[in-house]
1. For the stretch 26-59, name all the residues that are in contact with a Lys or Arg (Cβ under 6 Å, 6 or more places away or on another chain) and assigned to a loop (DSSP other than H, G, I, E, B).
2. If I ask for residues that are surrounded by fewer than 14 Cβ atoms within 10 Å (Cβ to Cβ), assigned to a loop (DSSP other than H, G, I, E, B) and out of contact with any helix residue (DSSP H, G or I) (no Cβ under 6 Å at 6 or more places or on another chain), which ones from the stretch 60-82 would you list?
3. Can you name the number of the only condition in (1) within 15 Å of VAL11 (Cα to Cα); (2) in contact with a Phe, Trp or Tyr (Cβ under 7 Å, 6 or more places away or on another chain); (3) without any contact (Cβ under 8 Å) to a residue 60 or more places away in the chain that MET47 fails?
4. Six or more apart or on different chains, Cβ atoms under 9 Å: show the pairs whose first residue is in the stretch 55-70 and touching a residue at least 60 places away in the same chain (Cβ under 8 Å) and within 12 Å of LEU86 (Cβ to Cβ) and whose second is among the β-branched types (Val, Ile, Thr) and part of a strand (DSSP E or B).
5. Within the stretch 34-47, restricting attention to residues that are surrounded by fewer than 19 Cβ atoms within 10 Å (Cβ to Cβ) and at pLDDT 80 or above, which residue is farthest from ILE5 (Cα to Cα)?
Amino acid sequence: MRIGITADHGVGALKEQLLVALRTEGYGIVDFGHASLDPADDYPDFMIPLARAVAAGSLERGIAICTSGLGASIAANKVAGVRAALIYDEFSAHQGGRATT
């Protein structure tokens, strides 16, 4: 499975940990940024390309990590064909992963 991942500047360390864990499990990963974390970054610049790749079918799933989760969900949901949800525990991850188009 190919998974895209990105993060806002507040949670870059978490993204790096998740990258290692996903690669260890054998997932193909496409990293949408950041090359380096900058508090002046505008998070939609990283979230929207991820969402477009998922909508286009070049990725099976996308993970957009956001300090609050709200901004990433709102930005990704602006892309036609994407359904982004705020995931905060195992149950919401299971339920959110069941959505189909």
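The values are calculated or read from the model by the stated rules, or taken from the named source; none is laboratory data. As the structure is a prediction and not an experimental result, all values here were calculated from the model. Because the Cβ atoms are built from the backbone with ideal geometry, glycine has one as well, and the counts that use them run over all protein chains shown.
1. The answer is LEU59, and nothing else.
2. GLU60, SER68, LYS78, ALA80
3. Just one mismatch for MET47, condition (2).
4. Sorted first by the residue in the stretch 55-70, then by its partner, the pairs are ILE65/ILE5; ILE65/THR6.
5. ASP42
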